[in-house]
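Here's the structure we're looking at; comments come further down.
A short reminder: the numbers here are calculations on the coordinates, not readings from a lab. Since this is a predicted model, take the numbers as computed values, not measurements. Glycine also receives a Cβ, built like all others from the backbone with ideal geometry; neighbour counts cover every protein chain displayed.
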Amino acid sequence: MTTPDTPIRIAVVGHTNAGKTSLLRTLTRRVNFGEVSQRPGTTRHVESVDLEVGGRAAVRFLDTPGLEDAVALREHLEGFDRSLMPPERIRRFLQGPEAHGVFEQEAKVLRALLDVDAAFLVIDAREPQLPKFRAEIELLNACARPVLPVLNFLHHAAQRETGWKELLSAYGLHVVVRFDAAAPFVGAERELYRDLATLLRDRREELDRIAASLDAEAAQRREAACRRIAELLVDAAAMRRTATAAEFANEQERHRRVAELRQSLFDKAQRCAEDLLALHGFREGDADEAPLPMVEGRWSMDFFHPEALKDAGILLGKGVAVGAAVGVVADLALAGLSLGTGAALGGAIGGAMSQGLGPLGRKLANKLRDVHELTVEDRVLFVLLGWQLRLLRALEHRGHAALERIGADGLGAGDPQALADCVRSAQPARSHPDWESGTRLRWREAPQRQALVSQVARRLGEAIPA
């Protein structure tokens, strides 16, 4: 007996290599479920995976092997007693020796289909409408279970969506879902479950809850991603390295210091990218999926490239006095303070000391000690932020059937001015080098840093396109 606590059972069926396992990885965000490959017949057994909502299994998917010889099986079934209803003929077949022999794979699919609430028929929309596909539809319809066709790979230039819709309509399958497991449409999951509700009216309330839950999860992922990127931005803004004038004057030593700061920034960007991957259910270097070049290339992605810095500087509306070629500032400008006279300098130091040796006082003290400070330019922060946001948007539009290289084409990071405002909002971190994570063995995040991260994250959430 079906109750509201009973998972809705969905068999995922279709021809070999139509993307069934990839669809399930995308729907459940279980990157380690099954095997995804371009080799035909990868799935050989029926496997189950649950979609959990509110801590319980709301949907139980059954991933089935590909139908390999539907035409021959349909001809075989024509030899059964014609007075039998189609589902009964299927059951008779499953009791016979052929179900454990030549038609073993088809038998696994049909056996699963007789024991579920409905089926997703996954169709590679790039394929022509060959007779074998018609035979598959007839076999599935013979099981007398609601079938919801899912057109996959619709982003491909060779897709044949119109022809498939005509064929499906001819077999009474008028409700069709457009869901590309390589690059899901925004809101595609929600529409999939709402379309399923038209076939399973007695489970409509549960399916509506699932759709609402998916919307909430997407919002939570976006919020978590914005916070993680905000942490990176604040961390990078807080980065500060000191060097004596003699060390900075030595070209080799100066290059070493700059290289260390760059490498530290790259390391932080890498960890952020890995966290974004995990948040969206991906693993870097997954052998069964295409690599993510935006992540793969993060080591070669030059946040300090002069051309990128030039563009960022224009968008930020500010110039940088030192280090334009390397993207690191030797902080000698002292916020425009003139050091023309000893009296003025002494007065400035006295004022700074009376205020607790704040950022200005630290800079003056460093000047007297002949110490230079290296920090990351705002323009570099802008380039870094744009890269992370493009990666985020690419992951939000990437499904687990994707086997091509991912890129940022058509996925802007957001309004440049809004992103520039985000960079500026992280500026308070420049006054707190102790806010850089990982600088001490027992580093603990200050409440003020947490508040700033939250503020930057909110700005990012408002700046990123929906």
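Kindly put I90, I123 in sequence by how many other C-beta atoms sit within 10 Å of each C-beta, fewest to most. Please report the intermediate quantities before stating the final value.
Values: I90 24, I123 27.
Placing the least packed residue first, the sequence is I90, I123.
The alpha carbons of the stretch 8-199 stretch over 47, 38, 34 Å along the principal axes, in descending order. The residues E205, E106, E396, E223, when put in order of fewest to most other Cβ atoms within 10 Å, stand as E205, E223, E396, E106. Working from label points 7 Å from Cα in the Cα-to-Cβ sense, the D115 to E253 distance is 7.4 nm.
What spacing in nm lies between the two simple spin-label points modelled at A219 and S437, each 7 Å away from Cα in the Cβ direction? The modelled label-to-label distance comes out at 2.5 nm.
Could you give the length gained on full extension between V175 and Q263, defined as 0.36 nm per residue of separation minus the Cα-Cα distance, in nm? Write out the running numbers ahead of the final one.
On the way: separation 88, 0.36 × 88 = 31.68 nm, distance 5.32 nm.
Working it through step by step, the gained length comes to 26.4 nm.
Going from the fewest other Cβ atoms within 10 Å to the most, the residues R442, R194 appear in the order R442, R194.
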